[in-house]
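Take a look at the structure set out below.
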Amino acid sequence: MLPATLRTALGRRELLKGAMVGGAGILGSGLLSPLARPAYAETPKRGGNLRVAMLGGSSSDTLDAHVGVVQPDFCRNALLYNSLVQLDVNAKVVNALAESLEPNATATEWTVRLRKGLKFHNGKPVTADDVAFTFRRVGDPKKPLFGAGALAQVDLAGMKALDERTLRIPMNAPYATFPESIAPIYFFAIVPTDYDPAKPVGTGPFKYESFTPGQQSVFTRFDEYWEADAPYLDSVTVIDSFANDTAAFNALQGGEVDVFAFAPLSLAAQASPDGPVRALVSKPGQWTPFTMRVDQAPFNDPNVRKAFRLLVDRKQMIQLALSGYGSVGNDVFSPWDPCYDSSLHRERDLDQAKFLLKKAGQEKLSVELVTSDIAAGVLQAAQVFAQQAVDAGVTVNVRQVTPDIFYGQQYLQWTFAQDFWNYNPYLSQVSQGYQKGAPYNETHWDDDNYNKLYRAALATLDEKKRCDIVRQMQAIDFEQGGLIIWSYNQSIDLMTENVRGFGESRTGFSLGNYGFSKAWLA
């Protein structure tokens with residue numbers, strides 16, 4: 001049973017579809033990227049208010065550093081807070097508030113050293129006690145928040161401040177991948193010991209000014225921000241009251257906003273490299289898998305799962321569902337991970353699929369695929385899959401439900417469905433969605449050998465040896481897993497021609513991994 005806080009959040013996750021969904025557009029790979037323009041080599045200009053339109057806002061919007069669920073929540077989080085380490089635009093783990101994060105020889109203890117001179121928005125110095133408070137808040141066993149799973153191996157009670165800038169963190173078991181596990185800022189933003197979500201104080205590039213859930217929020221520049229020369233903007237206003245993408249796009253065209261973040265792909269045709277509306281094109285980061293429950297028939301038979309993966313013509317699905325706006329996925333997540341095994345490759349093979357289905361006694365299999373309008377290309381991919389499956393004698397009955405039903409009581413219970421994710425490093429992704437007890441284990445995956453390898457990987461400091469273990473896990477994913485990962489998807493942000501500073505990102509998050517500290521207005 002999930003903690004009550006997680007169950008509540010899962011019920012809200014349908015709101016994410018508003019920030020992610022869009023029809024198929026006419027995009028080419030990187031065609032509309034504004035980064036090609038020489039103007040981006042200009043010296044950044046200070047001042048101005050950047051107005052950002054987003055979909056998916058509601059009365060449940062939050063400023064809490066550790067319970068965000070929808071894209072506007074993540075956006076506000078990036079404005080207000082920082083974590084010790086974070087993923088950069090290239091999906092690499094880099095230091096943020098941490099000057100260093102070092103393990104002992106067995107990874108049973110980590111030592112955090114904070115950057116010198118860090119301050120919260122209220123002027124209070126950032127100390128080791130604040131880091132300890134943050135981790136205890138997230139991992140509180142009586143009220144665990146979303147990142148609690150990544151802190152399961154941390155001895156929260158045993159953490160000790162060695163001085164104002166240094167925290168010793170003992171582990172209950174070796175934890176070699178601790179940094180990448182605490183990289184998501186939306187789970188592990190550092191907050192002060194007297195933190196009040198109603199009056200949020202963080203270390204981010206912008207300070208809280210005002211907040212009306214489901215309407216708009218305003219943030220002003222933090223002059224003592226730790227990044228050199230940043231931020232450049234005077235303020236950022238996030239507006240998430242738009243009823244639909246048409247309203248948000250009209251506001252962009254009419255000069256009411258400067259950016260439409262996570263714009264639907266269908267609007268890409270409205271942008272051009274030298275026009276008044278331009279598009280920032282991401283690297284492939286988001287993925288929208290088909291999910292097969294491995295503990296329920298017919299997918300409790302690995303032959304059926306492999307057969308379904310062999311049914312998919314991935315290139316055709318990318319063309320039809322995403323207008324070519326993605327790269328082929330091969331049923332293994334985290335393609336930017338340094339341990340990713342790029343040799344794993346799967347082509348459509350109808351003869352082999354039919355053979356496996358016959359072997360499983362499922363030659364004329366009929367299944368229901370539950371889908372919803374939760375991310376770009378999901379509905380289209382469901383229909384394409386149903387058509388492709390016919391070639392192997394498989395009947396797929398597509399049942400579309402509303403997002404509130406999809407992410408309601410039945411979420412994580414569907415036998416065959418779809419979902420969406422943004423990029424996480426491999427072992428971090430396993431902790432979130434691919435082990436028993438993970439908050440988003442859609443496939444109900446629980447394999448003894450896989451779990452053993454996972455624990456071994458966490459305990460292995462040597463990167464080469466750890467990669468060897470991870471690749472053994474990926475081989476299991478590839479041969480036996482419950483996910484059909486057909487593509488890694490790109491996304492677009494639309495903006496007026498005077499918006500500068502946002503770069504391409506691999507993480508799947510909007511606006512160059514929400515790079516507000518570097519943004520400016522020409």
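The values are calculated or read from the model by the stated rules, or taken from the named source; none is laboratory data. Keep in mind that this is a model prediction, so the values were computed, not measured. Every residue, glycine among them, receives a Cβ derived from its backbone with ideal geometry; neighbour counts consider all protein chains shown.
A few remarks follow.
- Residue ranges of strands (runs of 3 or more DSSP E) in the range 166-269 with at least 1 members free of Cβ contacts under 8 Å to residues at least 60 places away in the same chain and not aromatic (Phe, Trp, Tyr): 166-170, 206-212, 216-221
- Selection status of residue 277, more than 26 Å from residue 424 (Cα to Cα), of a type in the set (Val, Ile, Thr), buried (at least 23 other Cβ atoms within 10 Å of the Cβ) and in contact (Cβ under 8 Å) with a residue 24 or more places away in the chain: no
- Residues of the range 270-281 satisfying the condition of being at pLDDT 90 or above and in a loop (DSSP other than H, G, I, E, B): 276
- Qualifying residue in the range 341-352 (condition: under 30 Å from residue 463 (Cα atoms), under 22 Å from the mean Cα position of the chain (by Cα) and surrounded by 15 or more Cβ atoms within 10 Å (Cβ to Cβ)): yes
- When residues of the range 395-424 are limited to those that are within 12 Å of residue 369 (Cα to Cα) and among the β-branched types (Val, Ile, Thr), the one farthest from the chain's Cα centre (by Cα): 395
- Filtered residues of the range 121-131 (kept if crowded, with 17+ Cβ neighbours inside 10 Å, part of a loop (DSSP other than H, G, I, E, B) and either not aliphatic (A, V, I, L, M) or not assigned by TED's automatic domain parsing to the domain that holds residue 170 (or both)): 121, 127
- Restricting the range 356-371 to residues that are within 10 Å of residue 396 (Cβ to Cβ) and not hydroxyl-bearing (Ser, Thr, Tyr), the residue that is surrounded by the most Cβ atoms within 10 Å (Cβ to Cβ): 369
- Selection within the range 233-258 - touching a helix residue (DSSP H, G or I) at 6+ places or on another chain (Cβ under 7 Å) and closer than 19 Å to residue 79 by Cα: 236, 238, 240, 257
- When residues of the range 290-305 are limited to those that are in contact with a Gly (Cβ under 8 Å, 6 or more places away or on another chain) and part of a loop (DSSP other than H, G, I, E, B), the one farthest from residue 500 (Cα to Cα): 299
- From 63, 118, residue being assigned by TED's automatic domain parsing to the domain that holds residue 219, buried (at least 19 other Cβ atoms within 10 Å of the Cβ) and touching a strand residue (DSSP E or B) at 6+ places or on another chain (Cβ under 8 Å): 63
- Scanning the range 441-454 for residues that are in contact (Cβ under 8 Å) with a residue 40 or more places away in the chain, farther than 17 Å from residue 332 by Cα and under 23 Å from the mean Cα position of the chain (by Cα) turns up nothing.
- When residues in the range 356-371 are screened for being under 17 Å from residue 309 (Cβ atoms) and in contact (Cβ under 8 Å) with a residue 12 or more places away in the chain, 8 of them pass.
- Which listed residue is among the small types (Gly, Ala, Ser), more than 27 Å from the chain's Cα centre (by Cα) and surrounded by 15 or more Cβ atoms within 10 Å (Cβ to Cβ), from 176, 157, 161: 161
- Evaluating residue 112 against the criteria (1) touching a Ser or Thr at 6+ places or on another chain (Cβ under 8 Å); (2) modelled with pLDDT of 95 or more; (3) in a helix (DSSP H, G or I) leaves one unmet condition, (3).
- Among the numbered conditions (1) modelled with pLDDT under 95; (2) farther than 24 Å from residue 90 by Cα; (3) touching a helix residue (DSSP H, G or I) at 6+ places or on another chain (Cβ under 6 Å), the only one that residue 493 does not meet is (2).
- Failed condition for residue 228, given (1) surrounded by 20 or more Cβ atoms within 10 Å (Cβ to Cβ); (2) more than 18 Å from residue 61 (Cα to Cα); (3) of a type outside the set (D, E, K, R): (1)
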